[in-house]
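Below is one structure, written out as structure tokens; comments come after it.
The values are calculated or read from the model by the stated rules, or taken from the named source; none is laboratory data. In this text the structure is predicted, and so the values were computed from the model without any measurement. Here Cβ is always computed from backbone atoms with ideal geometry, including for glycine, and neighbour counts include all displayed protein chains.
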């Protein structure tokens, strides 16, 4: 029985995680939950799972929740409360389903307290990947990827690893020699077949209409710009200790192959599964075991074909910006991420247009004076600077 903390429990990944736990109650128990402000859904989760503690980032909403519940569940609030929650010794593993850079500090706290991590948040790793991976190694903590693409790479590399018990217990980090290329697959998002000239008039509803995945708004916008795939390039670099030049994006609209690894002898190993996030979530929770489930399967007898395309860097400039950040490293990935978060938020609030997102990110990156080998404090300073810079650019735009 693993005791699981689910951070971001009312979001898409959080809800899917709880769905997995419902179906595997003999193996997992929810001991902690956290939300930003959605206390109505959190209240229902408390009644169902009876966690030891919960955290609400919004202090006002935390007070309202405290007046509603009549149980022994402890309530934390704010950023410091979340960092305190993840240090609970009763937690075996933390599911990081929080969105955005807000996950970075609690992730550091969880690793320092020896918790194994199921990581669905890519932004924290993008911002401070080298710092996080060194910290995890120092504290002998597993970081188990939940993104379907990173989970696929991890599983392919695990197949290639030695079958000895000692190596099976820990994911294959750092990457071994012999890798020629890693292919990150992308569905292509809602605008794969839309001419570039028509992107100037797309609406928020158009952007949020993803053809394959049901996700939160921020990641859905990132999928439409292909920034999500750009962030995954950086994420894969740090997770698997591989150069960006070896990571290639491949548009695969069926979303059945989640990633592939090509080895130096020309052999390519792919991981396939139905496009359902509960599949990589369950494996991240159950590792190193595989649990039987009733989750969707691929019906190969009905499968008509698999298609692949090169991404259009001219149509989706965010991909090029991510490769540039991967080349520059230092504080640049944190700047890329922060500028993107601010731009996506402004787009969702109807303050800028869809095509303004990559333009703003590019301008912020050009203005940044990059620092090599930053510590966590410098990363956070770069993040804060980029947000203010993006806000300044956004305020000067006339929509």
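Quick look at the values:
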| read-out | value |
| --- | --- |
| Filter result (modelled with pLDDT of 95 or more and either in contact with a helix residue (DSSP H, G or I) (Cβ under 9 Å, 6 or more places away or on another chain) or crowded, with 16+ Cβ neighbours inside 10 Å (or both)) within the stretch 264-275 | 269, 270, 271, 272, 273 |
| Hits in the stretch 207-226 (condition: in a helix (DSSP H, G or I) and either at positive phi or in contact (Cβ under 8 Å) with a residue 24 or more places away in the chain (or both)) | 207, 217, 218, 219, 221, 222, 223, 224, 225 |
| All positions within the stretch 238-256 that are outside any loop (DSSP other than H, G, I, E, B) and over 22 Å from residue 333 (Cα atoms) | 251 |
| Unique match (being surrounded by fewer than 22 Cβ atoms within 10 Å (Cβ to Cβ), modelled with pLDDT of 95 or more and over 27 Å from residue 343 (Cα atoms)) among 61, 15, 84 | 84 |
| Single condition residue 24 does not satisfy, out of (1) surrounded by fewer than 18 Cβ atoms within 10 Å (Cβ to Cβ); (2) under 13 Å from residue 98 (Cβ atoms) | (2) |
| Options 227, 260; residue that is more than 17 Å from residue 333 (Cα to Cα), assigned by TED's automatic domain parsing to the domain that holds residue 185 and modelled with pLDDT of 95 or more | 260 |
| Test result for residue 313, under 23 Å from the mean Cα position of the chain (by Cα), farther than 27 Å from residue 96 by Cα, at pLDDT 95 or above and assigned to a loop (DSSP other than H, G, I, E, B) | yes |
| Members of the stretch 278-310 that are assigned to a loop (DSSP other than H, G, I, E, B), touching a residue at least 40 places away in the same chain (Cβ under 8 Å) and under 21 Å from residue 92 (Cβ atoms) | 287, 288, 291, 293 |
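Residue by residue, here is whether (1) closer than 26 Å to residue 290 by Cα; (2) assigned by TED's automatic domain parsing to the domain that holds residue 115; (3) part of a helix (DSSP H, G or I); (4) more than 22 Å from the chain's Cα centre (by Cα) holds:
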{"position": "9", "(1), (2), (3), (4)": "yes, yes, no, no"}
{"position": "14", "(1), (2), (3), (4)": "yes, yes, yes, no"}
{"position": "17", "(1), (2), (3), (4)": "yes, yes, yes, no"}
{"position": "26", "(1), (2), (3), (4)": "yes, yes, no, yes"}
{"position": "33", "(1), (2), (3), (4)": "yes, yes, no, no"}
{"position": "40", "(1), (2), (3), (4)": "no, yes, yes, yes"}
{"position": "48", "(1), (2), (3), (4)": "yes, yes, yes, yes"}
{"position": "51", "(1), (2), (3), (4)": "yes, yes, no, yes"}
{"position": "55", "(1), (2), (3), (4)": "no, yes, no, no"}
